[in-house]
Amino acid sequence: MRTDSSPQTIFRKDYLPPSYLVDTVELGFDLDPARTIVASRVTLRHNPASKSRDIVLHGEALELVQLRLNGKTLRPGQYELSGSTLTIRKAPLAVVLEIETLTAPVKNTTLSGLYVSNGNFFTQCEAEGFRRITYFPDRPDVMAKYTVMLRADKALYPVLLSNGNLIEQGELGDGRHYAKWEDPFKKPSYLFALVAARLVCQEERYTLQSGREVLLQVWVEEGNLDKTDYAMQSLKNSIRWDEQRFGLELDLDRFMIVAVGDFNMGAMENKGLNIFNTKFVLANSRVATDIDYAGIEAVVGHEYFHNWTGNRVTCRDWFQLSLKEGLTVFRDQEFSADMIGTDSGRAVTRIDQVRTLRQAQFPEDAGPMAHPVRPDSFVEINNFYTVTIYEKGAEVVRMYQTLLGRDGFRKGMDLYFERHDGQAVECDDFRAAMADANGRDLGQFERWYSQAGTPVVRAETNYDAIARTFDITLRQHCPASAGQEHKLPFHIPVAVGLLGADGRDLALSTDAKDRQGQATVVLELTGEEQTFRFHDIAERPTPSILRDFSAPVVLEYDYTDAELLHLFSHDSDPVNRWEAGQRLAMERLLKLTTAVATGKPLALDATFIAAQRALLVDETLDPAFRELALILPSETIIAEQMEVVEPQAIHSARQFMRRTLAAALKPELLAQYHANQTPGAYSPDALSAGKRALKNLALSYLLIAPQEAELALARQQFAEAGNMTDRAAALVALIHSGAEVGEHLHSFYQDFEHEALVVDKWFAMQAAAPGTDVAAVRKLMEHPAFTLKNPNRARSLIFNFTNGNPSQFHAADGSAYEFWAEHVIKLDALNPQVAARLARSMDRWRRYTPALQAHMQRALERVAAHARLSNDVLEVVSKALA
Ligand code: 0A1
Ligand code: ZN
């Protein structure tokens, strides 16, 4: 909660090295839900890089019991205690601090620091949660060795875990026991973790490539041991992959994953003790969908990869967050792609990444919370765990690989670890390692870190039949963002291919003498405008620009319909093939939206329908690719293309297109539905998942205006499905069809009421259905299974409504905005991080019709005016209103 009247902005330029460094930390925990005693013994020494001799410790929501400096108790007056810091002025050069504090984990609803979930103790310290456990210089550039003693009731908390190695355990009498853990590696406080719980584990000894044996464990609540196989398999795959792709070995003898039901984010990379949201651990075919399985693989990989990119080399300060997050997302993306193993499978993962960027990152980059990949300031760091830091950050890392090649990228990674292992560094250090290892000047590339906003690249082409040259002129500009009026040109890799009339790639050379030719060349756009010439081009080609989405930009090119259709049927680059389909659809969707808004008749051309048909039935293409190519741009992405957003018109236009396609392609959809069944035992592999995805997309189309036969098909799938992917897809299709589904919803709930993650799905699918209005959501909140206290549950209903159901969230009377305001305020009192995420649903409010804007402004002002807001929510709503 806010203690001063106005929150402080923290600036990157104000960074100062810590005045004292910490060598060792010994922590003792006497765990009790209402009254936990934390004793810490910290050895510090003055940092020669600092002029200050003041020791500054952070602390929040703590009761200070005792403070000793070099053996002497300090009395109030010998130190200064503010709301969030404890300062000891003019300290000696070498200091041992002994601190005793009290906390009440059971009252901690923020899920930051030490808290209780379903009767068990967990910690979450990133970014600034350690200061809720003890007074400490809680900043990532203070790295120390930790020893941890845990004491707790043995019957209630039989499992006591912390980072590193278990070095001692035993009984204490009174039914209590203890465990002592030692982490051999220096780490920042944000990577500290403990778990004291009643849990069970799946464990395995695993042999590293070097021959060393390690112990792997996945800890879950009793009753969930039938859902740990995939996480364990993903962990083993991650370990192997990092050895092979980057030569990085697990540096510990023991690696643990622990699942917890109450968690603010996806998971956390605490050294040797990763703590996960249950959503990214628990899976079997009965309860988890293909998407859940893919999420588990990605997140297990992500947290494991942090062991090197984040933990061994960490961030100097939180402005450098993308140093570890962008890089680690890139690594988990590459891991998931390599796990599929085929080029087309890799492309499918890439298309998914592009969709996420457009759905969430581009809007963020154009909205009130826009920030560079390395921000210059923030009010609350927890608000900066964003798609920009993570996903755009990953795009920035990917561009190094595009510019330097895979081998060059690997050389840069090797040099980065050679230089910085054990250090807390900056994004600039990573860029320098990439540049130096490859003898390249990447000075201009820095702008990807310092300038916010999505660059727009406009392409124009010119074919000279006599000279047989084809010119591509690229121009770049980047819209202004808060505090950054004028942007300088970026260094943009633009991968280009040229298609001949037969649809094949032409052999390309940008050098008149080079007759070799490649299918794709990477142009480096560094100026505001540059022309690139291709030689020896025998016919006017169709350009395929920005292949594999080689940079996170908006590409503008005046494609004709014929060119797009050509690319949609032939481009050898699957990402641009998909992209051509998206452009064809978007053009039409925008026209249809205008037609809806102005009451004109709606129509869809036969050419477009024929192209969709051809793709749907093209057996040479992966089902997973066909599914993606047939998903129309989302309502959010359409909204981003419009000057003034009318959510209902967008919804009707998109529905019209879906309905028209469904009617025209009915026989083909039915055939694909039957052709892509996956009989036999469930497997989450990419091919089977792709078939299910295409089949279920077909089903959703067939249920747009269903007759009895289609309804029967869905009901049968719902009743007989051998896995959650098919069961949930059938139920969603039925809900969206508007058919009477009360009975199905009821039976689904009854079957799964003891599976929290499935109950989340049950809320989520209702929240996102276009037939669910705010009144229906309020009704669902009265369901006994609903609670605001559990982030997964709150998100499943509320966020899926505000972010996943635009035509209802933007109801003309503004009633859903009132609902939003009410729940931002309610959630804020419990969990500011979750509340601030919900607050972000209103980011784009200035783009809506004046009537909607007025309602949204009122709702925002209502939140902003609330007396006791967290800094988290305050930052979001004040930036929205600014
Ligand atoms: N570093 C984690 C994400 C994470 C961040 C903050 C948290 O609590 C506020 C929890 C997790 C990751 O990238 O997976
Ligand atoms: Zn991460």
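The values are calculated or read from the model by the stated rules, or taken from the named source; none is laboratory data. Every value quoted in this text rests on a predicted model; they were computed, and no experiment measured them. For neighbour counting, all protein chains shown are included, and Cβ atoms are generated from backbone atoms with ideal geometry for every residue, glycine included.
Considering only segment 295-314, I want to know if a residue exists there that is assigned to a strand (DSSP E or B) and either more than 16 Å from ligand 2 (Cβ to nearest atom) or surrounded by fewer than 24 Cβ atoms within 10 Å (Cβ to Cβ) (or both).
Scanning segment 295-314 turns up at least one residue that is assigned to a strand (DSSP E or B) and either more than 16 Å from ligand 2 (Cβ to nearest atom) or surrounded by fewer than 24 Cβ atoms within 10 Å (Cβ to Cβ) (or both).
Which numbered condition in (1) aliphatic (A, V, I, L, M); (2) part of a helix (DSSP H, G or I); (3) touching a Ser or Thr at 6+ places or on another chain (Cβ under 9 Å); (4) within 21 Å of Tyr293 (Cα to Cα) is the only one that Ile735 fails?
Of everything listed in (1) aliphatic (A, V, I, L, M); (2) part of a helix (DSSP H, G or I); (3) touching a Ser or Thr at 6+ places or on another chain (Cβ under 9 Å); (4) within 21 Å of Tyr293 (Cα to Cα), Ile735 misses just condition (4).
Taking interchain pairs and intrachain pairs at least six residues apart, which have beta carbon atoms under 8 angstrom, with the first residue in segment 303-324 and farther than 18 Å from Ile239 by Cβ and aromatic (Phe, Trp, Tyr) and the second within 10 Å of ligand 1 (Cβ to nearest atom) and in a loop (DSSP other than H, G, I, E, B)?
Every condition considered, the pairs that remain are Trp318/Ala127.
What is the one condition in (1) farther than 21 Å from Thr473 by Cα; (2) under 32 Å from the mean Cα position of the chain (by Cα); (3) buried (at least 20 other Cβ atoms within 10 Å of the Cβ) that Leu590 does not satisfy?
(3) is the only condition that Leu590 fails.
Looking for something closer than 29 Å to Pro479 by Cα, within 16 Å of ligand 1 (Cβ to nearest atom) and not in a helix (DSSP H, G or I) - is there at least one such residue anywhere in segment 336-356?
Within segment 336-356 (the criterion being closer than 29 Å to Pro479 by Cα, within 16 Å of ligand 1 (Cβ to nearest atom) and not in a helix (DSSP H, G or I)), the answer is no, since none of the residues qualifies.
Quick one: which residue in Trp241, Trp219 is touching a residue at least 40 places away in the same chain (Cβ under 8 Å), buried (at least 21 other Cβ atoms within 10 Å of the Cβ), assigned to a helix (DSSP H, G or I) and over 16 Å from the mean Cα position of the chain (by Cα)?
Trp241
Suppose we filter segment 524-538 for residues that are part of a loop (DSSP other than H, G, I, E, B) and surrounded by fewer than 16 Cβ atoms within 10 Å (Cβ to Cβ); how many remain?
Result for segment 524-538: 4.
Out of everything in segment 335-348 that is farther than 16 Å from Ala394 by Cβ and not β-branched (Val, Ile, Thr), what residue ends up being nearest to ligand 2 (Cβ to nearest atom)?
It comes out as Met339.
Considering only residues of segment 85-112 that are small (Gly, Ala, Ser) and surrounded by 15 or more Cβ atoms within 10 Å (Cβ to Cβ), which is farthest from ligand 2 (Cβ to nearest atom)?
The selected residue is Ala91.
Here is a check on your reading of the model: is Thr109 of a type in the set (S, T, N, Q) and part of a strand (DSSP E or B)?
No, not satisfied.
It is to be established whether one or more residues within segment 84-98 are over 28 Å from Ser112 (Cα atoms) and assigned to a strand (DSSP E or B).
Scanning segment 84-98, I find at least one residue that is over 28 Å from Ser112 (Cα atoms) and assigned to a strand (DSSP E or B), so the answer is yes.
Filter segment 614-670 for residues that are closer than 30 Å to Leu687 by Cα and touching a His at 6+ places or on another chain (Cβ under 7 Å) and give the result.
Glu635
Run down Phe430, Phe445 and say which single residue is within 29 Å of Pro17 (Cα to Cα), of a type outside the set (Ser, Thr, Tyr), at pLDDT 95 or above and over 23 Å from the mean Cα position of the chain (by Cα).
Of Phe430, Phe445, the one residue that is within 29 Å of Pro17 (Cα to Cα), of a type outside the set (Ser, Thr, Tyr), at pLDDT 95 or above and over 23 Å from the mean Cα position of the chain (by Cα) is Phe445.
Check whether at least one residue in segment 495-515 is in a strand (DSSP E or B), among the acidic types (Asp, Glu) and modelled with pLDDT of 95 or more, and report yes or no.
The answer is yes; a qualifying residue exists.
Scan segment 5-29 and report the pairs whose first residue is under 14 Å from Ile99 (Cα atoms) and whose second residue is at pLDDT 95 or above and among the aromatic types (Phe, Trp, Tyr), with Cβ atoms within less than 7 Å and a gap of 6+ or a chain change.
Val25/Tyr146; Leu27/Tyr146
Among (1) farther than 27 Å from Val644 by Cα; (2) touching a helix residue (DSSP H, G or I) at 6+ places or on another chain (Cβ under 8 Å), there is one condition Ser878 misses while meeting the rest; what is its number?
(1)
Among (1) assigned to a helix (DSSP H, G or I); (2) more than 21 Å from the chain's Cα centre (by Cα), which single condition is His783 missing?
Going through (1) assigned to a helix (DSSP H, G or I); (2) more than 21 Å from the chain's Cα centre (by Cα) one by one, His783 breaks only (1).
List pairs: first in segment 807-833 and over 22 Å from Val645 (Cβ atoms), second polar (S, T, N, Q) and part of a helix (DSSP H, G or I), Cβ under 7 Å, 6+ apart or cross-chain?
Gln833/Asn382
Tell me, please, whether a residue that is among the charged types (D, E, K, R), touching a His at 6+ places or on another chain (Cβ under 9 Å) and away from ligand 2 (no atom under 16 Å from the Cβ) can be found in segment 419-432.
Scanning segment 419-432, I find at least one residue that is among the charged types (D, E, K, R), touching a His at 6+ places or on another chain (Cβ under 9 Å) and away from ligand 2 (no atom under 16 Å from the Cβ), so the answer is yes.
For segment 426-444, which positions are under 19 Å from Ile389 (Cα atoms) and surrounded by fewer than 21 Cβ atoms within 10 Å (Cβ to Cβ)?
Glu426, Asp428, Asp429
Would you mention how many residues in segment 318-334 are of a type in the set (D, E, K, R), more than 9 Å from ligand 2 (Cβ to nearest atom) and surrounded by 24 or more Cβ atoms within 10 Å (Cβ to Cβ)?
1
Yes/no matrix, rows are residues, columns are (1) over 34 Å from the mean Cα position of the chain (by Cα); (2) acidic (Asp, Glu); (3) modelled with pLDDT of 95 or more:
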{"position": "Val25", "(1), (2), (3)": "no, no, yes"}
{"position": "Lys51", "(1), (2), (3)": "yes, no, yes"}
{"position": "Gln78", "(1), (2), (3)": "yes, no, yes"}
{"position": "Ser82", "(1), (2), (3)": "yes, no, no"}
{"position": "Gln124", "(1), (2), (3)": "no, no, yes"}
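For Asn270, all conditions in the list (1) in a helix (DSSP H, G or I); (2) more than 30 Å from Glu635 (Cα to Cα) hold save one; what is the number of the exception?
Among (1) in a helix (DSSP H, G or I); (2) more than 30 Å from Glu635 (Cα to Cα), the lone unmet condition for Asn270 is (1).
Looking for whichever is outside any strand (DSSP E or B), crowded, with 24+ Cβ neighbours inside 10 Å, away from ligand 2 (no atom under 15 Å from the Cβ) and modelled with pLDDT of 95 or more here; the options are Pro368, Pro375. Which one fits?
It is Pro375.
Phe255 fails exactly one of the following numbered conditions: (1) without any contact (Cβ under 8 Å) to a residue 60 or more places away in the chain; (2) within 16 Å of ligand 1 (Cβ to nearest atom); (3) surrounded by fewer than 20 Cβ atoms within 10 Å (Cβ to Cβ). What is the number of that condition?
That leaves (3) as the condition not met.
Quick check on my filter: what residues within segment 466-493 are farther than 25 Å from Arg547 by Cβ and either surrounded by 19 or more Cβ atoms within 10 Å (Cβ to Cβ) or in contact (Cβ under 8 Å) with a residue 12 or more places away in the chain (or both)?
If the condition is that a residue be farther than 25 Å from Arg547 by Cβ and either surrounded by 19 or more Cβ atoms within 10 Å (Cβ to Cβ) or in contact (Cβ under 8 Å) with a residue 12 or more places away in the chain (or both), then Ala480, Ser481, Ala482, Gly483, Gln484, Leu488 are the ones that fit.
Can you tell which of Phe280, Phe305, Phe319 is within 12 Å of ligand 1 (Cβ to nearest atom), modelled with pLDDT of 95 or more, under 29 Å from Ala144 (Cα atoms) and of a type in the set (Phe, Trp, Tyr)?
Phe305
Right, Glu720: surrounded by fewer than 21 Cβ atoms within 10 Å (Cβ to Cβ), of a type outside the set (Gly, Ala, Ser) and more than 34 Å from the chain's Cα centre (by Cα) or not?
no
Being aromatic (Phe, Trp, Tyr) and under 25 Å from the mean Cα position of the chain (by Cα) is true for just one of Phe799, Phe748. Which residue is that?
Answer to the check: Phe799.
Report the residue count in segment 155-199 for those that are crowded, with 16+ Cβ neighbours inside 10 Å and either among the aliphatic types (A, V, I, L, M) or farther than 28 Å from Gly59 by Cβ (or both).
Matching residues across segment 155-199 total 13.
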